[in-house]
Amino acid sequence: MSHVVLGSRKSVNAAFMTSRDEINVSITSVYNKLNGIETNTSAELVRYAAREARPIIEALGPQKPLLPGFRIKILDGNCIEAVEHRIKELRPISSGALPGKSLVVFDPALRMPIDVFTCEDGHAQERSLLSDVILTVEAGDIWISDRSFCVRKFILDIAAKNAYSITRLHGQLPFEILGKEKRAGKTETGKVTEQRIAVVNELGEKIQFRLIRLYLKNKTRDGDATIAIITDLPRASASAALIVELYRNRWKIETSFQELEKFWNSEINSLGYPPAALFGFCVALVSHIILAVVKAALSSAHGNDIVDNKLSGYYVADEISGGFRGMQIMIEADEWKIFQQASQAEVIKLLMQLASNVKIASFLKSPRGPKKPATKRKADPKHPHVSIAKILAERSK
């Protein structure tokens, strides 16, 4: 599956063909195994990889904490895209077939996903998984999430565990206004205000929150001119403007999802059975965790700014997918034992050494100018085709 996710093989069958002597079973058995993998097993694979990677990244030097003294966790949902209609029951159905859904927890300081909660029902609401998420909340956490997770029970359960939430306000959340809206500074994107409110729990008790509004200079792509955020994080710990900046970091997980889908094969649309599709997605998350270790090593050698703002996910993915097959051919299995036998300190030292040898300029983004408005095309039914050579010849006249 890692061959398919990393793009060195185009399909599970192609990966099987290169390893059939080692696997010693039929391709049908492989698919049967994939279709029967428990989703809890797939999720635990991600948790295991995150636990193993965390001390290595921390030793190499993670990013500067967004808010010292707290551990920030970003929660977001991911619906796996519709798959091909290979399953017999799907063939007569024209509707898109969704193989599953998941909630992913991302640690921005480590640059990686640290947890995932899976669901085989592609139509399930993301909120239905929050009861599992709340079991992982720890004191001192700050959970950042979109308005999909602005659920009274969820944010109050987080508060009950001596943790905090920063959530975009959902219009259906009931609350009481306790104070007037006041100016609270400004950010690069607009003006900020703050207001005291209370959310009432099931016992009728009022739990105080801060309602922070960002009045945007430019509307969002959804047409919103204002972003409303609620949090129970004390003002002494974070100003309203800082809360807005912390919420903006939620886009890091959105960017991660986009990179997984665009640069890696995280959603394999030939895998129709939910357990197989979710396993493929979880293997992609594990690859993301391994990449976070690579980024931490690169940061130790070339600086955080280079890795966070200038490193190209496309060029890195292209290098990995292009080099993976060659490494499998040229490097014997015994050569990898150094990583199996080395201590954590030895692995960290080796990673730093390798990172210092990387020609980082080969993996930096190519800056581009501002986007130009799209030119309107003219359709001519009498001339469905044109000659590029003739058009270019006109340019020089």
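Miscellaneous remarks
- Lone qualifier among S94, S102 - being among the small types (G, A, S) and touching a residue at least 40 places away in the same chain (Cβ under 8 Å): S102
- Taken over the stretch 79-110, residues that are closer than 19 Å to T136 by Cα and either of a type in the set (V, I, T) or not in a strand (DSSP E or B) (or both) amount to 5.
- Taking helices (runs of 4 or more DSSP H) as the structural unit, those lying wholly within the stretch 1-78 and holding at least 2 residues that are among the charged types (D, E, K, R) and under 20 Å from the mean Cα position of the chain (by Cα) correspond to 39-60.
- Scanning the stretch 237-268 for residues that are in a loop (DSSP other than H, G, I, E, B) and more than 21 Å from the chain's Cα centre (by Cα) yields S237, A238, S239.
- Residue that is charged (D, E, K, R), touching a helix residue (DSSP H, G or I) at 6+ places or on another chain (Cβ under 6 Å) and without any contact (Cβ under 8 Å) to a residue 60 or more places away in the chain, where the choices are E205, E194: E194
- Filter result (surrounded by fewer than 11 Cβ atoms within 10 Å (Cβ to Cβ) and over 18 Å from S299 (Cβ atoms)) within the stretch 346-374: S366, P367, R368, G369, P370, K371, K372, P373, A374
- Test for E261: is it within 30 Å of E120 (Cα to Cα) and either surrounded by 19 or more Cβ atoms within 10 Å (Cβ to Cβ) or touching a Pro at 6+ places or on another chain (Cβ under 7 Å) (or both): no
- Residues in the stretch 269-286 that are surrounded by 22 or more Cβ atoms within 10 Å (Cβ to Cβ), more than 12 Å from the chain's Cα centre (by Cα) and among the aromatic types (F, W, Y): 1 in all.
- Candidate set from the stretch 287-340 (those that are among the basic types (K, R) and at pLDDT below 90); member that is surrounded by the fewest Cβ atoms within 10 Å (Cβ to Cβ): K337
- Elements of type strands (runs of 3 or more DSSP E) contained in the stretch 137-236, each with 2 or more residues being among the hydrophobic types (A, V, I, L, M, F, W, C) and either closer than 23 Å to F117 by Cβ or touching a strand residue (DSSP E or B) at 6+ places or on another chain (Cβ under 7 Å) (or both): 141-145, 190-200, 206-216, 226-231
- In the stretch 167-178, residue farthest from L75 (Cα to Cα) [restricted to those that are modelled with pLDDT of 90 or more and exposed (fewer than 15 other Cβ atoms within 10 Å of the Cβ)]: L178
- Some residue of the stretch 40-58 being small (G, A, S) and at pLDDT below 90: no
- Selection status of A277, within 22 Å of V83 (Cα to Cα), small (G, A, S) and touching a Gly at 6+ places or on another chain (Cβ under 6 Å): yes
- Unique residue being under 19 Å from the mean Cα position of the chain (by Cα), surrounded by fewer than 22 Cβ atoms within 10 Å (Cβ to Cβ), aliphatic (A, V, I, L, M) and farther than 20 Å from D157 by Cβ when the list is A82, A97: A82
The values are calculated or read from the model by the stated rules, or taken from the named source; none is laboratory data. Note that the coordinates shown come from a computational prediction; the quantities given were computed from them, not determined experimentally. Reconstructed Cβ throughout: ideal geometry from the backbone, glycine too, with neighbour counts over all protein chains shown.
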